[in-house]
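Here's the structure we're looking at; comments come further down.
The values are calculated or read from the model by the stated rules, or taken from the named source; none is laboratory data. This structure is a prediction, so every number in the text was calculated from the model and none was measured. We place every Cβ from the backbone using ideal geometry, glycine too, and count neighbours over all the protein chains shown. When the accessible area is computed, the model is the full protein with side chains, heavy atoms only, and any ligands, DNA or RNA have been set aside. Shrake-Rupley method; radii C 1.70, N 1.55, O 1.52, S 1.80 Å.
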Amino acid sequence: MRLGVIGGGAWGTALAQVASAGGRETLLWAMEPEVVEAVNTRHENAVFLPRIPLNQAIRATSDLAELDSCDAWILVTPAQHMRSVLERAPTRCRPLVLCSKGIEEKTGKLLHEVAHDICPDSPIAVLSGPTFAHEVAAGLPTAVTLACQDRALGEQLRSRINLVNFRTYCTDDVAGAEAGGAVKNVLAIACGIIEGKRFGQNARAALIARGFAEMTRFGVALGGRRETLAGLSGLGDLVLTCSSTSSRNFSLGKAIGEGGKVAELMKDRRTVAEGAHTAPVVHRIALERDIDMPIVGAVVELLSGKVDIDELLTTLLSRPPGDEED
């Protein structure tokens, strides 16, 4: 199975590294000419993944039509741009592996629903889990969830990308895998704010636990299963991204907690903090479906720049205590 990777950022490049292991030719589509040139001539992506030597079996291109020769596509575009990129593809009927984490802002759709809109005849899988791109590209041990309703296709994809240091666990719960990956980005911003405010490790642990309760409520409401949300694509990813400034969402929250202005912080970021785009749509869906998500609501208010951070945190911490099962 020849794989094409759509998206030349850090995560797309890391997945191309996985796909090309053992000298298997892998095509990487990137929008930036400098990325294409660097991958093809120097076997590196100094723009998004510096200091990581890339496999020579990776070939980059800026022409989507070249990916027609691939048997399946791994999509790693920013969540809000996935629809437009797929619409540009000359041909679309092939398996799609979605690796971005988010919910489309305009429609409130999970990404597998967006992909189905554009490519109704394409089988769809979702790859998600606790993954920092630089660690995956460097070959450090990683485990991920591969969600696919077509079990045979899921096994075929797993056999193609599974490595000793890139363990792949299959499920058919596509909605659960996507919901966990989307909500954890919002919660990571909240954890970063806790870090920036120097509230301590106890507060961060409490926020992760209560945030996981929000993630579970949301994922189940969208058709996911609790066991998926408690696995790699939910809780596993949440713990990782809420614990390190290697997370773009955590680092954004930390800067906000330290007093940075949201508009200025977002303007200065070359890479996308998906949680900032996902938070409003998750909040909107939660309100529509009567899902209790106070942490997500607080993040939305802070990102709006219209509320004082200390006042909002005081209000959040002053909520009446309830049962832990709630």
Handout entry: Matching option when the condition is farther than 30 Å from A276 by Cα, hydrophobic (A, V, I, L, M, F, W, C) and either out of contact with any Pro (no Cβ under 8 Å at 6 or more places or on another chain) or open to solvent by 60 Å² or more (accessible area, probe 1.4 Å) (or both), among L49, L54, L28, L75
Key = L54
Exercise for the section: Name every residue in the range 202-251 that is free of Cβ contacts under 8 Å to residues at least 60 places away in the same chain, surrounded by fewer than 20 Cβ atoms within 10 Å (Cβ to Cβ) and β-branched (V, I, T), in order of residue number. Expected result: V220, T245
Exercise for the section: Please find, within the range 292-308, the residue that is surrounded by the fewest Cβ atoms within 10 Å (Cβ to Cβ) out of those that are farther than 21 Å from E264 by Cα and among the hydrophobic types (A, V, I, L, M, F, W, C). Expected result: I295
Practice task
For the range 78-88, state whether one or more residues are more than 27 Å from V281 (Cβ to Cβ) and crowded, with 20+ Cβ neighbours inside 10 Å.
Solution key: no
Exercise for the section: Test R289 against the stated conditions and say whether it is open to solvent by 60 Å² or more (accessible area, probe 1.4 Å), under 19 Å from P78 (Cβ atoms) and touching a residue at least 12 places away in the same chain (Cβ under 8 Å). Expected result: no
Practice task
Could you identify the single residue in G176, G154, G181, G192 that is in contact (Cβ under 8 Å) with a residue 12 or more places away in the chain, closer than 20 Å to G297 by Cα, in contact with an Asp or Glu (Cβ under 9 Å, 6 or more places away or on another chain) and small (G, A, S)?
Solution key: G181
Practice task
Considering each of L153, L207, L238 in turn, give the residue that is in a helix (DSSP H, G or I) and more than 28 Å from H283 (Cβ to Cβ).
Solution key: L153
Fill in the blank from the handout: Of (1) open to solvent by 20 Å² or more (accessible area, probe 1.4 Å); (2) in a helix (DSSP H, G or I); (3) in contact with a Gly (Cβ under 7 Å, 6 or more places away or on another chain), V186 fails just (1)
Problem - Only one of E274, E311 that is open to solvent by 60 Å² or more (accessible area, probe 1.4 Å) and over 21 Å from E324 (Cβ atoms) - result: E311
